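The values are calculated or read from the model by the stated rules, or taken from the named source; none is laboratory data. Because the structure is a prediction, the values reported are computed rather than measured. Note: ideal-geometry Cβ built from the backbone for every residue, glycine included; neighbour counts use all protein chains shown. Areas reflect the complete protein model, heavy atoms only, side chains present, ligands, DNA and RNA absent. Shrake-Rupley method; radii C 1.70, N 1.55, O 1.52, S 1.80 Å.
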Amino acid sequence: SSSEFSIAINPNDADAILNKSNGLFGLENFEESLKYSKRYIELCPDEYSGYILQGMALNNLGRYEEAIDSFNKALKYCPDFAPAKNEIYDELTNALSLADKFDEAIKLSDEYYQNNGNIQAILNKGNLYLEHGDVDKAKAIFDKALQESDNNAETYLSISASLMDNGYVEMAYKILRCMLDHEEAQSDKIYVFLAACCKIL
């Protein structure tokens, strides 16, 4: 509603248009979100945020090839050290996987890790294998992520989220229960994730 007031005052208010696209995406109104992300891109063609939202909406509409194109444009315009770079790579590899380009998704994930040494790239690769039902390969990759992050609590939480997203809720539950017993692993997020697991189970 706030976005609509801003747009009524100034139809070319780029921030309001992006906020509306984001809000519509959150409401799972992907067609309308896509429409407003396109309007934002027309106003700000060199800004990566619009391309990310456009790609995410297209992914949810099953238009994977178009989503891949949007995420590649987001990468083109995203500064090298922007935090959003991780998100774009995650979304792009996911779109490639959904478009039956699994090998390409894995290759891109590996390239990103080699260039950035980023734990998130390893976790993303493990998630790709989980999506394809290869639990053994996913486990080996998640073990590597834990080793490289020095068994960081956030890494355990990311693995739990990935397991939950892919239907391995019992496994996620066991990890989270173990985390509760270790003081160094404490985080408020554990309770949120654990409650979600309990609800599903």
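Structure notes:
- Residue check, S3 without any contact (Cβ under 8 Å) to a residue 60 or more places away in the chain and closer than 30 Å to F102 by Cβ: no
- Single residue of the stretch 9-39 satisfying the filter (aliphatic (A, V, I, L, M) and open to solvent by 80 Å² or more (accessible area, probe 1.4 Å)) that is nearest to S70 (Cα to Cα): L27
The rows are residues; the columns are (1) in contact (Cβ under 8 Å) with a residue 12 or more places away in the chain; (2) within 21 Å of K85 (Cα to Cα); (3) in a helix (DSSP H, G or I).
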residue: F25; (1), (2), (3): yes, yes, yes
residue: S33; (1), (2), (3): yes, no, yes
residue: Y36; (1), (2), (3): yes, no, yes
residue: E42; (1), (2), (3): no, no, yes
residue: P45; (1), (2), (3): no, yes, no
residue: Y51; (1), (2), (3): yes, yes, yes
residue: Q54; (1), (2), (3): yes, yes, yes
residue: A67; (1), (2), (3): yes, yes, yes
residue: S70; (1), (2), (3): yes, yes, yes
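- Within the stretch 49-65, the only residue that satisfies the criterion of being of a type in the set (F, W, Y) and surrounded by fewer than 22 Cβ atoms within 10 Å (Cβ to Cβ) is Y64.
- Helices (runs of 4 or more DSSP H) wholly inside the stretch 86-201 containing at least 2 residues that are in contact with a Ser or Thr (Cβ under 7 Å, 6 or more places away or on another chain) and under 27 Å from L61 (Cα atoms): 102-116, 119-131
- Condition met for Y191 (among the hydroxyl-bearing types (S, T, Y), out of contact with any helix residue (DSSP H, G or I) (no Cβ under 7 Å at 6 or more places or on another chain) and farther than 16 Å from T93 by Cα): yes
- Identity of the residue in the stretch 149-201, under 21 Å from N124 (Cα atoms) and of a type in the set (V, I, T), that ends up surrounded by the most Cβ atoms within 10 Å (Cβ to Cβ): I159
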